[in-house]
Each structure stands twice: as C-alpha cells, then as structure tokens.
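Data block below; observations after.
The values are calculated or read from the model by the stated rules, or taken from the named source; none is laboratory data. Just so you know, these numbers come straight off a predicted model, no measurement behind them. FYI the Cβ positions are ideal-geometry reconstructions off the backbone, even for glycines, and counts take in every protein chain you see. These area figures cover heavy atoms from the full protein model, side chains too; ligands, DNA and RNA do not enter into them. Shrake-Rupley method; radii C 1.70, N 1.55, O 1.52, S 1.80 Å.
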Amino acid sequence: MTFDEVGLSEELLKAVTAAGYSEPTPIQAQAIPSVLSMRDVTGIAQTGTGKTAAFVLPMIDRLAQGRSKARMPRSLVIAPTRELAAQVAENFEKYGVNHKLTMALLIGGVSFGDQDKLLMQGVDVLIATPGRLIDQFERGKLLLTGVEMLVIDEADRMLDMGFIPDIEKICKLLPPRRQTLLFSATMPPEIARLAAQFQTDPKRIEVSRPAQTADTITQYKIPLKSSDHKARRTAIRRVIESRDVTNGIVFCNRKSEVDIVAKSLTKHGHDAAPIHGDLPQAYRTQTLDKFRNGELKLLVASDVAARGLDIPAVGHVFNYSPPPNSDDYVHRIGRTGRAGRTGESFTLVCPEDEKLWDAVVKRVEKSVEDYMPEGLAEELEALPSDGGRSSRSRGRRNDRNDRSDRSERPARSERSERSEKSASRESSKDKEKKQSRGNKSRGDSELLPPAPAGPVVGLGDHVPAFLQRPI
Ligand code: ADP
Ligand code: MG
C-alpha cells in the first residue's frame, strides 16, 4: 500500500514525502482510513512501528476544518511521560508544516506561561501528561468540552504508572460524543477494559502479535556467576567494548543504577550520560538531543524515561539486568532494529535474575544465545567480591524505575502506592507474627532463636489448666 491510498490530503502527502517516508507502516495503513472515517480505533503494534503518525496524520486532516475557541482545545492527546508528549508535539510540527494548526503542550518542566497564552488564544491540539492536565483544569485554565478527538498514547504504560484513575477523570470532563483513539504496544486485560469504557464500537487493529521483538534483532544473554555490582559494571563495559557500537542504550531497573552505571562508564572513558525521571527536565532534553544528533554514544536509561522515545537507528541495547516485567524487555529491545534495520541486544543475567530471564525467554519465544567477550570470564573470576551486596538486596522499592516520579505522578496513585506499601509492610508483619507464633512465643521473631523441633511447653500449644476451668 502507498500513502496515496490511505486517504490523506495533498498537503499531508507532501509533508510525509518531506519526512522521507515512502510507504505507510502496517499500523498506519490500517489505522489512518478508520480515523479519517471518524471511527474509534484501538491500535496495537509493537514499539517503533510508527504509531504516532498513525494518529497524528489523520488528526491533522480532521482538524484542518473548523476553528478553535479560547481555552477550548479541539483535540487532546495524553501521553504518560514528558518526553513522549514532547515527541508527539514534534510529530505534529513535522507533519503539520503545510497546515495552520495551533498546539499547546502541558508537561512538567515546561513553563506554563507561554502555553497558557496559546491556550487562551485557542488551540487545535493539546498534548499533555495526565497529572499536568488535571492540574491546569482544576486551576480553571482550560475547558475540555470542545474536544472532538481524544488520543490515549502508550496506554499500557499509563496503566503501569497508575494513571488510569486520572484518565477516567479526564474522560468525564470530555463531551461524550467524540472520537477516541487508543494506541498501545501491548493489550493487557486492564487496558482492554479501559478501551471498552471510553470508546464506542472501536475498530481493533492489531499488527502482528503484540509484544514481540523484531526479527532483525539478534539477542544475547551474558551469564554471570555473581550479582556483584562491580562484576556487572565490568561485564557491561567489556560487552560494549567488544562490539562495534555507534550508539546504544544501557537499560537499568533503578534510577540509582542508571546514575552509577553512567558514572562508571564515563570514568572508564566511554561517552555516556544518564536519563531518568529524577533528573531536571532541561538536562533530560539536552541529553536526548545530543543522543539523537549523534553527539552522545551511550544513553543510560530507566524504562519509563526511554519508553517509546523516538531515537532512530540505535544499533545496540544493553540490559544491566533483565527488567522486572517481560513487556519492558520487548520495549527495551524495540529501541533497536527499528524500521527493518538490524540490531543487537545483550542482557546480563546473574543467578538471581534467572526467574526474570525465564519470563523474558518465554515472552519473546526466541532462542537467545550466550555471549561472553574474550577474557571477561577470567577478569570476573579475579575481581574481589563487593561483599555480596547484590543489586537486588541493596535496591529499595521506591528507587525502582521511574515509578516514583513524583512530579508526574497523580496524587491519588501516590496515595494508593503508599497504601500498597503499608499493605506490604502489614503483610510482612503478618508473616512475622506467623513466624513468631511458629516460634511458640511472642515478640520480635528476628530476635528469637529458631523454633525448637520438639513439643513446647509454656505459652505454646500447651494450654494451662487454669484457663480450661469453667468460669
Ligand atoms: P511507536 O509509537 O510505534 O513506538 P514511533 O511513532 O515513535 O513508533 O515511530 C518510530 C520511528 O518510525 C520514528 O523514527 C518515525 O519517524 C519512523 N516512521 C514512522 N512512520 C514511518 C514510515 N511510514 N516509514 C518509515 N519510517 C517511519
Ligand atoms: Mg509511541
């Protein structure tokens, strides 16, 4: 299929040609005509398959007619992170060069003053992260009753980040008669339920099986005998050095790991910089720009920071450890091998990662070869141990990934996270209680010697006779 056949206007086709695209990707070929016919669409296709243009292109044509009113955006795109929202905005700029559409961007870290002026004048497209949008709505800065089109991008990640209550809230503020488009790389049942709730008779478009890695990527596992940080850092460095890397992304499960690994790589002469949710927005944007322009070779990233980022031609992906969620593995690997290019991925797997790794292998349904750069095994053997402080035992829950990114987390999900935490604390207390009951005594089980094997007298199973006397 060619772009001429999907039903876009001449102006748009010109912009698409200028962008250098010769034909639509499968999700674009299927989604664009449906969006143009004003149907609700649920689009599922793996990362890097051009989902953004699948909704941005037809939206531009749909919005070409009509006028915006002050404070009443005509369309709304919600994305889970600032970077993704900014990327959607770039897409609107790129494809909208021949149109006079106006746009505002509501994301953390961007001054609201300018955006407010734009909103006041009236915009055709408003792109926002959920938290920021609700914030500005509650301050009376905008009205959502004029929204004709709603896009929920990266819907599966929204779910992960606890944004679902916010999306529900936002949807209640929108007119019921609207077109709703939902795009996602995966379709877990919760997302399917969400889609059903907010869409009317949506057309479900699924390209290939969801959450599969592209065939153009060769995946390798680096089996490690220890989970020492030093061993991991050495291994990741040697693997990078053993390949011809032009640009690559090193993924870590925790923000603290991102910092440590970036620092370590830099210390050893590599051109690397960190990106995660706790870093200032200006720094993140700058780092990403450098990486895109080829001025930075290695981006060390957490999952959320890197999710769906449009970074063309990444040759290599390195995983400091397998991600806790096998979907994230697919997303990480999706950073390479885009648009038919070849790519390589390497994942460090220590014994305690084996369970996560099994889930990954099951998910990708591909055999992954072991890889060991020359001399690495010997070098690791010779390393002094870092005292067994494995990455897992040292990490804290709220350090994991960007999921504690306060600035963009809705207050409500913070609350639910807190209650989740206290629930987990309770459950560990419960466990303790059970354990102490098992020890046939009261008090803090950690302070007690292990329970003796034989029958116990005292306040254990043995009930003193005076308690059995009728009152
Ligand atoms: P997704 O949202 O599915 O992860 P993106 O929308 O970020 O994917 O697009 C991934 C890359 O593919 C981007 O670099 C984009 O410019 C490029 N791209 C989009 N459409 C096409 C096309 N029709 N032909 C070639 N490249 C495309
Ligand atoms: Mg995307």
Exercise for review: Run down Gly43, Gly96 and say which single residue is surrounded by 24 or more Cβ atoms within 10 Å (Cβ to Cβ), within 16 Å of ligand 1 (Cβ to nearest atom) and touching a residue at least 24 places away in the same chain (Cβ under 8 Å).
Suggested key: Gly43
Point to revise | Residue pairs meeting the criteria (Cβ under 6 Å; at least 6 apart or on separate chains; first without any contact (Cβ under 8 Å) to a residue 60 or more places away in the chain, in the range 58-86; second in a strand (DSSP E or B)) | key: Ala85/Ile127
Review point. Out of curiosity, is Phe183 buried (at least 20 other Cβ atoms within 10 Å of the Cβ), aromatic (Phe, Trp, Tyr) and modelled with pLDDT under 95?
Key: no
Practice item. Would you check which residues across the range 342-383 are among the acidic types (Asp, Glu) and over 23 Å from Ile217 (Cα atoms) and list them? Key: Glu352, Glu378, Glu379, Glu381
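Conditions (1) of a type in the set (Phe, Trp, Tyr); (2) outside any loop (DSSP other than H, G, I, E, B); (3) within 11 Å of ligand 1 (Cβ to nearest atom); (4) open to solvent by 10 Å² or more (accessible area, probe 1.4 Å), marked per residue:
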site	(1), (2), (3), (4)
Leu57	no, yes, yes, no
Gly66	no, no, no, yes
Val88	no, yes, yes, no
Asn91	no, yes, yes, yes
Lys100	no, no, no, yes
Review point. Is there a residue in the range 336-352 that is open to solvent by less than 40 Å² (accessible area, probe 1.4 Å), under 17 Å from the mean Cα position of the chain (by Cα) and in contact (Cβ under 8 Å) with a residue 60 or more places away in the chain?
Key: yes
Review point. Failed condition for Thr49, given (1) open to solvent by 10 Å² or more (accessible area, probe 1.4 Å); (2) more than 12 Å from ligand 1 (Cβ to nearest atom); (3) β-branched (Val, Ile, Thr), with all others met?
Key: (2)
Exercise for review: Would you mind telling me which numbered condition in (1) buried (at least 19 other Cβ atoms within 10 Å of the Cβ); (2) out of contact with any strand residue (DSSP E or B) (no Cβ under 6 Å at 6 or more places or on another chain) Ser256 fails?
Suggested key: (1)
Revision key, fill the gap. Sole miss for Ser264 among (1) open to solvent by 20 Å² or more (accessible area, probe 1.4 Å); (2) polar (S, T, N, Q); (3) modelled with pLDDT of 95 or more is condition (1)
Review point. Can you tell which of Gln219, Gln281 is open to solvent by 20 Å² or more (accessible area, probe 1.4 Å), modelled with pLDDT under 95 and of a type outside the set (Lys, Arg)?
Key: Gln281
